[in-house]
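So the structure is just underneath, and the comments pick up after that.
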Amino acid sequence: MALLEVKGLRTHFNTLGGIVNAVNGVSFTVDRGETLGIVGESGCGKSVMSLSLMQLNPVPMTSYPEGEILFDGRNLIEMTESEMRKMRGNDIAMIFQDPMTSMNPVMTVGKQIMESIRFHQKVSKKEAAARALQVLRDVGIANPEKRFHEYPHQYSGGMRQRAMIAMALACNPKVLIADEPTTALDVTIQAQILELIASIQKQYGMAILLITHDLGVVARSADRVMVMYAGEVVEEGRTEEVFSRPLMPYTWLLLRSLPRMDDDGADRLQSISGSPPSLLNPPEGCSFYSRCPFAMEICGQIKPALVEKMSAHRAACHLSFEEMEQNAPMEERDE
Ligand code: SF4
Ligand code: MG
């Protein structure tokens, strides 16, 4: 049985303009110890989806997650807020782009980690302190005995990211959700943090949901990748498989938009023209229709279902891989 099984997850917001379908029927599984990369442009529903998994939607009165989120066989959607509070941080932990959103600026880092441990586990202060010190050490913070007593603002950006990861690890969660964990950092620190996440995964054996718009990060770190567009999953499969044989034009274009070195040595970033459809009135057919270079008449009328096109590789598109290759505009073809 998968550790996490999401079935038909839907999160919509009631707004003055109407119902916004931010997450529109998403299904996937994550196994123990596995890293699932979740990619897509901003606004495609990645972050709302991850907050829905934690039952942490930004506007609880107007947002409604529906479907099933089975964690170890229990449906999180049916849990009460107090049951959820026991799960969060303990079984499923989350790290964000900005550590300050999950850290308390007026409490020392060591004390914050201790409090989180003591909220979830019946341990003495002394045991919690020892554990806090251990996780600070595990995330590579130098001189943890001294750093333990410092406030978040006394840490550098990269160290704060490490401290937030330490806090997430404190209760030994089974799932770690990392939402754009390295976006705000410079390239060298980014690489260090990704390496850290990979090494703690080995050490702790947790599953990781790595949410990012950066396909390079996914290529390096994820076992499987799931591509989201307009609140839906449009492709999913093993990372090497999806990267070498994308079966949906959006994925194909995302891969094309990775920075590449041109003949003249210039770093070129191609972006996909157009913008995603409104989630207020989603189009009837394929949600990528208005931007797709391969769009056919049927695409505007009938929504392609997400189906297994090759072994363990799902995609939502009316085209086959061969058709996509054949129809690719000349300048887009591999040299
Ligand atoms: Fe493009 Fe049609 Fe495939 Fe949608 S279904 S991605 S419009 S080819
Ligand atoms: Mg986001």
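Once the Kirkwood radius over Cα pairs is known for the stretch 1-67, the Stokes-Einstein relation at 10 °C and 1.306 mPa s delivers a diffusion coefficient of 125 µm²/s. Are there trypsin sites (Lys or Arg not before Pro) in the stretch 1-65 that DSSP marks as loop and that have at most 16 other Cβ atoms within 10 Å, and which are they? The qualifying sites are R32.
Could you work out Rg/(2.2 N^0.38 Å) for the stretch 104-169, with Rg from alpha carbons only?
0.99
The charge dipole of the stretch 104-169, taken about its Cα centre with unit charges on the Cβ atoms of Lys, Arg (+1), Asp and Glu (-1) only, comes to about 120 debye. The trypsin sites (Lys or Arg not before Pro) of the stretch 86-168 that DSSP puts in a loop, and whose beta carbon has at most 14 other beta carbons within 10 Å, are K122. Over the C-alpha trace of the stretch 27-143, radius of gyration and Dmax come out as 16.4, 46 angstrom. Near R220: Cβ cut-off under 10 Å, other residues only, Lys/Arg at +1 and Asp/Glu at -1. The net charge is -2. Restricting the calculation to Cα atoms, the chain shows an Rg/Rh of 0.99 when the hydrodynamic-style radius is the Kirkwood one.
Note on the chain: helix-only mean residue ellipticity at 222 nm, from DSSP H runs of 4+ residues weighted -39500 (n - 2.57) and normalised by residue number, equals -9000 deg cm²/dmol.
Against the chain, whose longest principal axis is taken from its Cα atoms, helix 109-120 shows a tilt of about 80°. How many percent of DSSP beta bridges within the chain run antiparallel, rounded to 5? Here the antiparallel bridges make up roughly 65 percent for the chain. Neighbour counting of Cβ atoms within 10 Å sorts the residues D223, D179, fewest neighbours leading, into D223, D179.
For the chain, the longest principal axis of the alpha carbon atoms and the long axis of helix 157-169 meet at an angle near 80°. Between the listed residues M79, V175, S63, the Cα displaced farthest toward the positive end of the dipole of the stretch 53-177, a dipole computed from Cβ unit charges relative to the Cα centre, is found at V175. Under the convention that each Lys and Arg Cβ holds +1 and each Asp and Glu Cβ holds -1, the size of the dipole of the chain around its Cα centre is about 1780 debye. Cα centroids of the stretch 274-296 and the stretch 135-165: 45 Å apart. Return one number: the angle in degrees, 0 to 90 and rounded to the nearest 10, between the long axis of the Cα atoms of helix 125-138 and the longest principal axis of the Cα atoms of the chain. Around 40 degrees separate the two axes. For the stretch 73-135, the square roots of the Cα gyration tensor eigenvalues, ordered a ≥ b ≥ c, give a/c of at least 1.5 with a/b no greater than b/c, which places it in the oblate category.
Any read-out appearing in this document is the output of simple, stated calculations on the displayed coordinates, not a laboratory observation. What you see is a predicted model, and the numbers here were worked out from it, not measured in a lab. Counting neighbours? That spans all protein chains shown, and the Cβs are built from the backbone with ideal geometry, glycine included.
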